[in-house]
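The values are calculated or read from the model by the stated rules, or taken from the named source; none is laboratory data. Given the structure is predicted, the values throughout are model-derived calculations rather than measurements. Here the Cβ positions follow ideal geometry from the backbone for every residue, glycine too, while neighbour counts run over all protein chains shown. Just so you know, the surface numbers come from the protein's heavy atoms only, side chains and all, with ligands and any DNA or RNA stripped out. Shrake-Rupley method; radii C 1.70, N 1.55, O 1.52, S 1.80 Å.
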Amino acid sequence: VDLDLRWIAINGAAVREFKRIFGVVPKVGERVLDVLHHQPEHRDALQRTWSRTLQGEDFSEVVAFDSPDAGRRQYEMHMSMLYDAEGNRIGAYQFAYDVTERLAEQDRLRKTEEALRQAQKMEAVGQLTGGLAHDFNNLLAGISGAFQMIGVRLAQGRTRDVDKYVTAGQGAARRAASLTHRLLAFSRRQTLSP
């Protein structure tokens, strides 16, 4: 467009996209704002975009438009100043690419990666749970075994060896309590000394 926002040139693909989005066929020589006089929200948005560029700002951004026949479409727009052969500013130009599918694919990839991370977390939790169950089973076996031996010794009337089984059972119970304490601290994200 020139400094007055009149199209200097517009390619066929841009004409088709403009028509698809705005329902109007733009022509060289027409003003962007005049063509969209019946769509003030789009007219104002395009005026802001082109004005930034005409003030000397080169930029890229992704914008979304609702198309009557194609739904919501997203475009990556690259806006730049247009200069004549002597370096004078004569307008601005825009390259726009429909990136709807690319962004949708990126979103699908992000969701898939998140699902993978969640699956990996669940696998880690499963492995951790299995390890804990094994540790608790060993501790309970020590406690249960001590009680069984105490029962056997008492049934035999042999009370002399009972104290070593009581000590073994108490040791296993202390280890179970310590493991429980560490698990609770971990679940509360408390700092533990290694």
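Determine if segment 120-130 includes at least one residue that is closer than 19 Å to N11 by Cβ and either free of Cβ contacts under 8 Å to residues at least 60 places away in the same chain or out of contact with any Ser or Thr (no Cβ under 8 Å at 6 or more places or on another chain) (or both). There is no residue in segment 120-130 that is closer than 19 Å to N11 by Cβ and either free of Cβ contacts under 8 Å to residues at least 60 places away in the same chain or out of contact with any Ser or Thr (no Cβ under 8 Å at 6 or more places or on another chain) (or both).
Of the set (1) free of Cβ contacts under 8 Å to residues at least 24 places away in the same chain; (2) touching a strand residue (DSSP E or B) at 6+ places or on another chain (Cβ under 9 Å); (3) on the phi > 0 side of the Ramachandran plot, all apply to G157 but (2). Just one residue in the set A96, A45 is among the small types (G, A, S), open to solvent by 50 Å² or more (accessible area, probe 1.4 Å), in contact (Cβ under 8 Å) with a residue 12 or more places away in the chain and closer than 22 Å to E17 by Cα; that residue is A96.
Out of L36, L54, L3, one residue alone is buried (at least 16 other Cβ atoms within 10 Å of the Cβ), in contact with a helix residue (DSSP H, G or I) (Cβ under 8 Å, 6 or more places away or on another chain) and in contact (Cβ under 8 Å) with a residue 12 or more places away in the chain. It is L36. Take the conditions (1) within 26 Å of H181 (Cβ to Cβ); (2) touching a residue at least 12 places away in the same chain (Cβ under 8 Å); V162 misses just one of them, which is (1). Within segment 6-23, residues that are at pLDDT below 90 have Cβ atoms under 7 Å from residues that are part of a loop (DSSP other than H, G, I, E, B) and not hydrophobic (A, V, I, L, M, F, W, C) in these pairs: F18/P26; R20/D69; F22/Q39; G23/P68, counting only partners at least 6 apart in sequence or on another chain. If only residues of segment 150-160 that are surrounded by fewer than 13 Cβ atoms within 10 Å (Cβ to Cβ) and not β-branched (V, I, T) are counted, the one that is modelled with the lowest pLDDT is R160. Kindly indicate whether any position in segment 100-115 is closer than 30 Å to V28 by Cβ and either open to solvent by less than 60 Å² (accessible area, probe 1.4 Å) or among the small types (G, A, S) (or both). Checked against the condition, which is being closer than 30 Å to V28 by Cβ and either open to solvent by less than 60 Å² (accessible area, probe 1.4 Å) or among the small types (G, A, S) (or both), segment 100-115 yields at least one hit.
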